[in-house]
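These notes are about the structure you will find just below.
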Amino acid sequence: MPRASKEQAERNRERVVETAARLFRERGVENVSIGEVMAEAGLTHGGFYKQFESKEALINEAFALAFSQSSRTWDEVTRRVARAEAPATGLNALVKHYLKERPLEQACPMLAFSSTASTSEVSAGLASSYRRGTEALYAQFKREMQQTLGASVEPDELETQTNVMFSAMVGAAMLGRAMGDTPLSRALAGAITASASASASDAGD
């Protein structure tokens, strides 16, 4: 294959994965067909199998891309705040960002892909892809907790507080996504945000 054609094929493949990640986040994996992905990417349906072995192969790559995109966004949020204010405020900024209402195509992949990853029919490969992505975001969140709580915190205490805050943040976002803008969803998000703010304030004292 000539170099120009090979480079174009690689660009087309990247466009398909980017398009799939966006559509899967917006509408759910099970609600998006290969034909829809290819049409949205501006490519023919017939070209799909020149690039991917199956829809599952595409889903795997789309999962990896979506989790990577979220990780980069989290980094940008915390770095921006740390430069402008103080490192301990990164957690507060991250929680606020996570709970902020946003378009579905920018939804957290932990939420957007959970229904796919939790079905009994899901393959071991897809389940593993989801698990790796979630564990990577958890580790990133834990680093922010460490930055906020300080180096003196005991490992067990760090683990406990991280688990509570992370699960509460994701749970509040999941309920907000399912229920919409209701008094309860606002109260839950507000409680988690206040808790993160209090942790940052305590660290600064």
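The values are calculated or read from the model by the stated rules, or taken from the named source; none is laboratory data. What you are looking at is a predicted structure, and each value in this text was computed from that prediction instead of being measured. Cβ: placed from backbone, ideal geometry, glycine included. Neighbour counts: every protein chain shown.
Of the residues that make up region 171-179, is at least one exposed (fewer than 11 other Cβ atoms within 10 Å of the Cβ) and closer than 23 Å to Ser70 by Cα? Even if it seems obvious, please write down each step before you answer.
Narrowing region 171-179 to residues exposed (fewer than 11 other Cβ atoms within 10 Å of the Cβ): 178.
Subset that is closer than 23 Å to Ser70 by Cα: 178.
Yes, that holds for at least one residue.
When the residues of region 186-205 are narrowed to those that are modelled with pLDDT of 90 or more and crowded, with 19+ Cβ neighbours inside 10 Å, which ends up nearest to Gln147 (Cα to Cα)? Reasoning before the result, please.
Restricting attention to region 186-205, the residues satisfying the condition of being modelled with pLDDT of 90 or more are 186-195.
Subsequent filtering for residues that are crowded, with 19+ Cβ neighbours inside 10 Å retains 188-189, 192.
Details: Leu188: 24, Ala189: 22, Ile192: 18 Å.
Out of the qualifying residues, it is Ile192.
Among the residues of region 33-51, how many are among the polar types (S, T, N, Q) and either modelled with pLDDT of 95 or more or under 13 Å from Ala20 (Cα atoms) (or both)? Working first, answer last.
Going residue by residue through region 33-51, those that are among the polar types (S, T, N, Q) are 33, 44, 51.
This time we only want the ones that are either modelled with pLDDT of 95 or more or under 13 Å from Ala20 (Cα atoms) (or both), so: 33.
Of the residues in region 33-51, 1 are among the polar types (S, T, N, Q) and either modelled with pLDDT of 95 or more or under 13 Å from Ala20 (Cα atoms) (or both).
May I ask you to say which residue of Ser123, Ser129, Ser167 is of a type in the set (S, T, N, Q), under 18 Å from the mean Cα position of the chain (by Cα) and farther than 22 Å from Val77 by Cα? Break it down stepwise before answering.
Working: Ser123 fails: under 18 Å from the mean Cα position of the chain (by Cα); Ser167 fails: farther than 22 Å from Val77 by Cα.
Step by step, each of Ser123, Ser129, Ser167 is checked, and only Ser129 is of a type in the set (S, T, N, Q), under 18 Å from the mean Cα position of the chain (by Cα) and farther than 22 Å from Val77 by Cα.
For region 20-44, which positions are within 21 Å of Ser114 (Cβ to Cβ) and either aromatic (Phe, Trp, Tyr) or surrounded by 18 or more Cβ atoms within 10 Å (Cβ to Cβ) (or both)?
Listed by number, the residues that qualify are Ala20, Ala21, Arg22, Leu23, Phe24, Arg25, Val29, Val32, Val37.
Test each condition in (1) in contact (Cβ under 8 Å) with a residue 40 or more places away in the chain; (2) within 20 Å of Ala168 (Cα to Cα) for Ala66 and report the one that comes out false.
So the condition that Ala66 fails would be (2).
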